[in-house]
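Asker: Before we start, here is the structure in question, set down as structure tokens.
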Amino acid sequence: MRTIWKGAVSFGLVSIAVKLYAATEEKDIRFHQVHRADGGRIRYKRTCQVCGKEVTYDDIAKGYDIGGGEMVVLTDSDFADLPLSTSHAIDVLEFVPAEQVDPILYNKAYFLEPEGAATKPYVLLRDALTDAERVAIVKVAIRQREQLATLRVREGVLLLNTMLWPDEIRTPDFAFLGEDLKVRPPELAMASSLIDSMAGEFQPEVFTDDYRAALQEVIDAKVEGREVVQPEAPEEAPPAAVDLMAALKASVDRARAARGESGGGAGGRSGGGAGEPTPITSARSAKKATKSQGTAKKAPAAGTGTAKKNSAKAPVKKADAQKRNPAKKAQTGKTAAKKATNTPPKKAAPRKSA
């Protein structure tokens, strides 16, 4: 890494000599403008609009347009005379909780490296910031511009984050902010369920720049003279939702499917195993369970009454049958005996003489 600034961190009466390095870099693929016919580089000349002559960097100064075609010219000596107390110093102003700094204020990040004998006070400040769980608010001048910044610890190194000034943050002014829009509780519950189904721990290394990778593949194929492999087409964005609740339910199902979870979940229409219930489906399930319990309580009572009734009737019928059958048998026996008594015996047939 290349040093872009040298100075000192002023921590009370302690001065810590440091070097400043850019902590980030853009990985974008850069191109040159070339002539389409022969590939020649396109160069731009710096010419003066008044005299038409080409101008070198040494002859270029900064000008401020005051309107009406008038320009105020400032040279390097004009900037050098400005009273910048932080030209080579990082002045610690106060220590605040990190969550109180709005991330929109952050601009660029730089690593600080201790220089010379400043290693011990550097480590002291680093460990003190870690124990306090706070960030230092500082002022620093980089490239002749004073900036507000924070000092915090990252991977054992002090990290300087320059910030925008509060008046550089725009105020949002949109028409919908003045409208009286109300979200229904079921919609809010379903949206919360969608957030829960997509919740996770942020791991930046798992995300990649797919466009840059595909563009690099095209460049490599051009260099090697081979056919470019067509990358997979990205999934088309779904059309604008007409039914917000239906779109939320479908989104929950899709998020759970992506995580390998089974069940319809949000819509209450599970195809396989049941997924985690949403606030709405939980309420519906509880209602159905209560209704089923009430029906179950009534059913056994009715069944018990019928069983008792049937069991009570059955012995009576059986007893009656037992009473009737012996009588019938006895009566049949008496009738047979009477018939046998009253019937005269048959006379024997006379024998015929030989």
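Bear in mind these aren't lab numbers, they're just calculated from the coordinates by the rules spelled out. These numbers were taken from a predicted model, which means no experiment stands behind them. Positions of Cβ are backbone-derived with ideal geometry, glycine not excepted, and every protein chain shown enters the neighbour counts.
Asker: If you build the convex hull over the alpha carbons only and average its shadow over all orientations, what do you get for segment 3-84? Give it in nm² to one decimal.
Answerer: Reported value for the Cα convex hull: 11.2 nm².
Asker: May I ask you to give the average projected area over all directions of the convex hull of the Cα atoms of segment 102-236, in nm² rounded to one decimal?
Answerer: 16.9
Asker: Please report, for the Cα atoms of segment 109-171, the Rg to one decimal and the Dmax as a whole number; what are they, in angstrom?
Answerer: For segment 109-171, the Cα radius of gyration and maximum Cα-Cα distance read 13.3, 46 Å.
Asker: Further question on the same structure: Would you list the P(r) distribution for segment 37-187, with all Cα-Cα distances sorted into 5 Å bins from 0 and each bin expressed as a whole %?
Answerer: Values per bin, smallest distances first: 2, 6, 10, 12, 11, 10, 10, 10, 10, 8, 6, 3, 1, 0, 0.
Asker: Which cross-chain or sequence-distant (5 or more) residues have an amide H under 5 Å from the amide H of residue 18, H modelled 1.01 Å from N in plane?
Answerer: Distant-sequence amide H within range of residue 18: 7, 8, 9, 115.
Asker: Could you rank the peptides 183-196, 35-48 by their average count of other C-beta atoms within 10 Å per residue, with the highest value first?
Answerer: 183-196, 35-48
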